[in-house]
1. Please give me, ordered by residue number, the GluC sites (Glu not before Pro) of the chain that lie in loop per DSSP and have at most 15 other Cβ atoms within 10 Å.
2. Averaged per residue, what accessible area in Å² does the chain show with a 1.4 Å probe, protein chains only?
3. Using DSSP to define loop residues, name the trypsin sites (Lys or Arg not before Pro) in the chain whose beta-carbon has at most 16 other beta-carbon atoms within 10 Å.
4. Apply the Kirkwood formula to the chain: the hydrodynamic radius equals the inverse of the mean of 1/r over all pairs of different alpha-carbon atoms; give it in Å with one decimal.
5. Could you check the spin-label model distance between ASP48 and THR3? Points 7 Å from the Cα along Cα→Cβ, value in nm.
Amino acid sequence: MNTEPRIPDPDGFYEALLAAHEGRTEARSADLNARLVLLLANQCADQDVLLACIRAAAEEDLTTTTTP
């Protein structure tokens with residue numbers, strides 16, 4: 001799993017991602033994110049890398065969540 005930045009124009013990518021969500025409800029934004037994840041996963045097509053990414057994302061979520 002590669003975690004080093006590799007997107008040539010990260011600000012442009014982020015801007016396009018935000019624009020894709022503009023005007024959508026929270027539910028429609030979640031649907032867009034789900035479709036995007038599946039499309040990007042298909043581009044990767046490496047099951048081991050995809051599973052490592054799932055684990056890393058789940059761990060990150062645990063480390064950034066605070067308990068009230």
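1. Numbers: sites: GLU15, GLU22, GLU26, GLU59, GLU60; in loops: GLU22.
When the GluC sites (Glu not before Pro) of the chain are filtered for loop state and at most 15 Cβ neighbours within 10 Å, GLU22 remain.
2. On the way: 6140 Å² over 68 residues.
The answer is 90 Å² per residue.
3. Details: sites: ARG6, ARG24, ARG28, ARG35, ARG55; in loops: ARG6, ARG24.
Qualifying residues, ordered by number: ARG6, ARG24.
4. About 14.1 Å for the chain.
5. 1.8
The values are calculated or read from the model by the stated rules, or taken from the named source; none is laboratory data. Values in this document were obtained by computation on a predicted structure and should not be read as measured data. Glycine gets a Cβ as well: all are built from the backbone with ideal geometry, and neighbour counts include every protein chain shown. Surface accessibility is based on the protein's heavy atoms, side chains included, excluding ligands, DNA and RNA. Shrake-Rupley method; radii C 1.70, N 1.55, O 1.52, S 1.80 Å.
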